[in-house]
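What follows is a set of notes on a single structure, which appears directly below.
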Amino acid sequence: MNIQHLNRTDAERVQVSVRNVDGSGSITTGMAAAFVVTAASGDGIGTVRATATMGRQFAGIAAADIAINAYGLVVACGYAASVYLSQSVGSWTITAGDTLRLNATEAGALTSVITPEAVSTQLYKYVIALGTLADTISNPRPYLSGLVRAL
């Protein structure tokens, strides 16, 4: 675990070392990662790209690309400069302060379809959007910054 030293110029954050065991591909910068908890593979470091059913295993947001079988850092608590949002069909707007949750259809992506009252259904593991972003045809897979709450 890497806990940033307190200073006045950078936002505090906690980063956790993980290993990408997702056979489907890399966990790229901004993607949500989840710990593997199966009996044979649960070692506290193995992660995969997270989906909505992995809420309780949510480890954080990848700080940089993590290749298959490589080690890297995920932001488990605090500021993440890049958060990957799901591609949508149609148009939507995410506004600053929206609660983002794991997406049901796209591994590693987050979506804003959750109300503040339903945060407990995510086991209090979520990301708060730190910007406003509208989905458009020219920018269908946007990124924005966020505050991660995975601890």
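The values are calculated or read from the model by the stated rules, or taken from the named source; none is laboratory data. All values derive from a computational prediction rather than experimental measurement. Cβ atoms come from the backbone with ideal geometry, glycine included; neighbour counts cover every protein chain shown. Heavy atoms of the whole protein, side chains included, go into the accessibility calculation; ligands, DNA and RNA do not. Shrake-Rupley method; radii C 1.70, N 1.55, O 1.52, S 1.80 Å.
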Note to self: Looking only at segment 101-121, filter to residues that are crowded, with 17+ Cβ neighbours inside 10 Å, aliphatic (A, V, I, L, M) and out of contact with any Phe, Trp or Tyr (no Cβ under 6 Å at 6 or more places or on another chain); which one of those is nearest to Y143 (Cα to Cα)?
What the structure shows: L110
Checklist line | Unique residue being surrounded by fewer than 21 Cβ atoms within 10 Å (Cβ to Cβ) and under 23 Å from T132 (Cα atoms) when the list is Y84, Y79 | finding: Y79
Item checked: Sole exception among (1) among the aliphatic types (A, V, I, L, M); (2) more than 28 Å from L133 (Cα to Cα); (3) at pLDDT 85 or above for L6, by number -> (3)
Notebook entry, point to check: When you scan segment 99-120, how many residues do you find that are modelled with pLDDT of 80 or more and either part of a loop (DSSP other than H, G, I, E, B) or β-branched (V, I, T) (or both)?
Noted result: 10
Next item on the list: Only residues in segment 21-50 that are under 20 Å from L102 (Cα atoms) count as the first member; pair them with residues that are open to solvent by less than 60 Å² (accessible area, probe 1.4 Å) and acidic (D, E), Cβ under 7 angstrom, at least 6 apart or cross-chain, and list the lot.
Entry: V48/D22; R49/D22
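Being under 21 Å from R13 (Cβ atoms), at pLDDT 85 or above and open to solvent by less than 50 Å² (accessible area, probe 1.4 Å) is the requirement here; does A59 meet it?
Working: under 21 Å from R13 (Cβ atoms): yes; at pLDDT 85 or above: yes; open to solvent by less than 50 Å² (accessible area, probe 1.4 Å): yes.
Answer is yes for this residue.
Considering only residues that are part of a strand (DSSP E or B) and more than 12 Å from the chain's Cα centre (by Cα), look in segment 84-98 and name the one that is modelled with the lowest pLDDT. Even if it seems obvious, please write down each step before you answer.
Here is the first cut: in segment 84-98, the ones part of a strand (DSSP E or B) are 84-85, 93-94.
If we keep only those that are more than 12 Å from the chain's Cα centre (by Cα) too, we end up with 93-94.
Numbers: T93: 76, I94: 81.
Looking at residues that are part of a strand (DSSP E or B) and more than 12 Å from the chain's Cα centre (by Cα), I get T93.
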Item checked: Residues of segment 1-56 satisfying the condition of being surrounded by fewer than 16 Cβ atoms within 10 Å (Cβ to Cβ), small (G, A, S) and part of a strand (DSSP E or B) -> S17
Checklist line | Options V37, V18, V14: the member that is on the phi < 0 side of the Ramachandran plot and at pLDDT 95 or above | finding: V18
Notebook entry, point to check: Mind checking which residues of segment 70-83 are within 19 Å of G25 (Cα to Cα) and at pLDDT 95 or above?
Noted result: A70, Y71, G72, L73, V74
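Would you check if Y124 is surrounded by fewer than 19 Cβ atoms within 10 Å (Cβ to Cβ) and in contact (Cβ under 8 Å) with a residue 60 or more places away in the chain?
Values: surrounded by fewer than 19 Cβ atoms within 10 Å (Cβ to Cβ): yes; in contact (Cβ under 8 Å) with a residue 60 or more places away in the chain: no.
No; evaluated as a whole, the condition is false for this residue.
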